[in-house]
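Colleague: My questions will all concern the structure given below.
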Amino acid sequence: MSTPHLSAAPGDIADVVLLPGDPLRAKLIAERFFDDPVCHNEVRGMLGFTGTYKGRRVSVQGTGMGLPSLSIYAHELITVFGAKTLVRVGTCGALQPGIKLRDLVLAQSASTDSSLIATRFRGMAFAPTADFDLLRRAWDSATARGFAVHVGNVLSTDTFYDVDEPDGWKLWARYGVLAVEMEAAGLYTAAARHGVRALAALMVSDSLVAHESLSPAERQSGFAEMVTAALDAALGT
């Protein structure tokens, strides 16, 4: 059955799903990596596709930006369509000087300033965490492909433009947080609730430390390289 946000029919979506925020990145992944991709969703322009990769069935679904948007798609994919392995493939901003543009950050855990998780746990602190087997396989695949890989804590923030406290990220950096993005904590929390596996693999597109950023063309080429490592991890290839 379809949901308010996914028009797929039962069986249209594989149990392994990549989750880019940008629906056009979902289209790019399907066209570049999948054999015989079929579009399973166009609702709200949030494109999703299913095909095969190295003979294994796999899907990709755009999720939009932020914890609330991703949490909607993760919940529906898991509870309605039977997704068992979900890998966020996205970008992040480095918070540490040793992390460079185009490096890969694997989010072992995800801190957050979002009230979405705090409200669920009635003000107590929950530690959203990746699936270790996915994390290990992603590390193996990425290092074999020559990536500089960093594993640790990331910040999933609700605020992209922090106009009132532009240096607020430095608090998180002092505690060793590697990078900032906007979705991983929501994904890990949904996965924990439903007993499925999740990982966030993030290419560094910006550095808040060095005040550098990749061009759109550089983002696309580096992103495509990262997706290969994510697919190998998700499918165990």
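Bear in mind these aren't lab numbers, they're just calculated from the coordinates by the rules spelled out. Predicted model, so just to flag it, every value in this text is computed and none were measured. Every residue, glycine among them, receives a Cβ derived from its backbone with ideal geometry; neighbour counts consider all protein chains shown.
Colleague: Could you list, ordered by first residue, the pairs with Cβ atoms under 6 Å in which the first is in the range 67-93 and without any contact (Cβ under 8 Å) to a residue 60 or more places away in the chain and the second is surrounded by fewer than 22 Cβ atoms within 10 Å (Cβ to Cβ), at least 6 apart or interchain?
Modeller: Pairs found: none.
Colleague: Please specify each residue of the range 102-113 satisfying the condition of being in a loop (DSSP other than H, G, I, E, B) and either surrounded by 22 or more Cβ atoms within 10 Å (Cβ to Cβ) or acidic (Asp, Glu) (or both).
Modeller: Passing the criteria: Asp103, Asp113.
Colleague: For the range 149-205, how many residues meet the condition of being more than 21 Å from Trp139 (Cβ to Cβ), of a type outside the set (A, V, I, L, M, F, W, C) and in contact with a helix residue (DSSP H, G or I) (Cβ under 8 Å, 6 or more places away or on another chain)?
Modeller: Residues meeting the conditions: 5.
Colleague: Moving on to the next point. What number of residues within the range 66-101 are surrounded by fewer than 24 Cβ atoms within 10 Å (Cβ to Cβ) and part of a helix (DSSP H, G or I)?
Modeller: So the answer is 8.
Colleague: In the range 61-72, how many residues are over 12 Å from the mean Cα position of the chain (by Cα) and closer than 16 Å to Asn41 by Cα?
Modeller: Residues meeting the conditions: 2.
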